[in-house]
Amino acid sequence: MSVTVMTKPSCVQCTATYRALDAKGIEYDVIDLSQDDTALAQAKELGYLQAPVVITDEDHWAGFRPDKIDELAKRAILPSDATWRPAIARAAEG
């Protein structure tokens with residue numbers, strides 16, 4: 001899973017996002033929007049005007065979003081195998 005956090009200096013919401021991602025054990029790359037014009041243009045193309053901008057394989061958002069980080073953590077621990085079923089479901093099937 002790929003996670004990129006587009007940030008800017010002295011950004012409280014960015015720091016909160018880093019801490020939440022770290023607490024969930026989610027690895028991420030950081031891009032400083034004040035130093036990367038291409039990344040800034042990409043964030044604006046996505047319609048975002050505030051940092052952080054978080055881009056994943058399946059989603060993107062701006063601001064500190066603990067709900068989105070929780071969803072991301074859940075996806076990170078689930079197997080990618082489409083046939084995966086919880087053990088309780090397999091036990092019920094006999």
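The numbers here are math on the coordinates, done by the rules we state, and not lab data. Just so we're clear, the structure is a prediction, and the values are computed from it rather than from any experiment. Neighbour counts run over all protein chains shown; Cβ positions are idealised from the backbone, glycine included.
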Within straight-line cross-link reach of LYS68, lysines at Cα separation under 17 Å, skipping those fewer than 8 residues along the same chain: LYS24
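Determine, for each peptide in 47-55, 34-42, 64-72, the mean count of other beta carbons within 10 angstrom over its residues, then list the peptides with the highest first.
Numbers: 47-55: 19.4, 34-42: 13.2, 64-72: 16.1.
Those peptides, ordered most packed to least, come out 47-55, 64-72, 34-42.
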Less than 16 Å apart at the alpha-carbon level, and either on another chain or at least 8 residues along: which aspartates and glutamates does that give for LYS44? ASP32, ASP36, ASP59
